[in-house]
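Chemist: Dumping the structure here so I can ask a few things about it.
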Amino acid sequence: MKFYFAYGMNTNHYGMAERCPNAFYCGSGYIDNAKLVFKSVADYEHNKGYRLHGAIWYITDECEKALDTLEGYPTLYGKRQEKATITFSKTLRETEIYVMIYKMNRDGYYPPSNYYYEMLHQGYKTNRLPMAQLKKALENSKRMG
């Protein structure tokens, strides 16, 4: 089992429950010096002074296999390990942990579909993640795409 950092569609609890019924939601978290970007779907880039917010799940090997399929691993997304700060939902205690995170293997910025964006919006709302992160990434993808 391992910690998984979701910043895109897997912030949505309903979708995660279908894909990974054995995943356990731990709380929200962030990765310093990284920011959300859209390349049709969510990705992140290291960028000093930013903070990538997301949901942190504790996943099984079976969950990871399902996520690998969903994320098109290893072709569309690769996997990395990053240091994240988590606020555990039960205790509200902040702790640094290492998480597995998917990172896209392609370049270019493109806005997401309305459906995809709304799925993320719901996930961000549920996890109390900053909506400004989502809106800024959308604006940037339209401007740079």
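The values are calculated or read from the model by the stated rules, or taken from the named source; none is laboratory data. Note that this is a predicted model, so its numbers are computed, not measured. Positions of Cβ are generated from backbone atoms using ideal geometry, with glycine treated the same way; all protein chains shown enter the neighbour counts. All accessible areas refer to the heavy atoms of the entire protein, side chains included, with ligands and DNA or RNA removed. Shrake-Rupley method; radii C 1.70, N 1.55, O 1.52, S 1.80 Å.
Chemist: Quick test for you: out of Leu36, Leu76, Leu70, Leu52, pick the one residue that is within 24 Å of Lys142 (Cβ to Cβ), in contact (Cβ under 8 Å) with a residue 12 or more places away in the chain, surrounded by fewer than 18 Cβ atoms within 10 Å (Cβ to Cβ) and of a type in the set (A, V, I, L, M, F, W, C). Spell out how you get there, then give the answer.
Modeler: Numbers: Leu36 fails: surrounded by fewer than 18 Cβ atoms within 10 Å (Cβ to Cβ); Leu70 fails: within 24 Å of Lys142 (Cβ to Cβ); Leu52 fails: surrounded by fewer than 18 Cβ atoms within 10 Å (Cβ to Cβ).
Going through Leu36, Leu76, Leu70, Leu52 in turn, the sole match is Leu76.
Chemist: Let me ask something else about it. It is to be established whether one or more residues within segment 102-116 are out of contact with any Gly (no Cβ under 8 Å at 6 or more places or on another chain), of a type in the set (D, E, K, R) and under 19 Å from Asn12 (Cβ atoms).
Modeler: Scanning segment 102-116 turns up no residue that is out of contact with any Gly (no Cβ under 8 Å at 6 or more places or on another chain), of a type in the set (D, E, K, R) and under 19 Å from Asn12 (Cβ atoms).
Chemist: Go through the residues of segment 77-94 one by one and say whether even a single one is touching a Ser or Thr at 6+ places or on another chain (Cβ under 9 Å) and under 17 Å from Val41 (Cα atoms). Write out each step before concluding.
Modeler: Initially, segment 77-94 is screened for residues touching a Ser or Thr at 6+ places or on another chain (Cβ under 9 Å), giving 85-89, 93-94.
Of the ones still in play, those that are also under 17 Å from Val41 (Cα atoms) are none.
Scanning segment 77-94, I find no residue that is touching a Ser or Thr at 6+ places or on another chain (Cβ under 9 Å) and under 17 Å from Val41 (Cα atoms), so the answer is no.
Chemist: I've got another one for you. Taking interchain pairs and intrachain pairs at least six residues apart, which have beta carbon atoms under 6 angstrom, with the first residue in segment 1-20 and closer than 15 Å to Ile101 by Cα and open to solvent by less than 60 Å² (accessible area, probe 1.4 Å) and the second part of a helix (DSSP H, G or I) and of a type in the set (Lys, Arg)?
Modeler: none
Chemist: Condition first: open to solvent by less than 100 Å² (accessible area, probe 1.4 Å), over 12 Å from the mean Cα position of the chain (by Cα) and among the hydroxyl-bearing types (Ser, Thr, Tyr). Now tell me which residues in segment 110-138 satisfy that.
Modeler: Ser113, Tyr116, Tyr117, Thr126
Chemist: If you don't mind, there's one more thing I want to ask. Go through segment 87-109 and give me each residue that's modelled with pLDDT of 95 or more and surrounded by 15 or more Cβ atoms within 10 Å (Cβ to Cβ).
Modeler: Ile97, Val99, Met100, Ile101, Tyr102, Lys103, Met104, Tyr109
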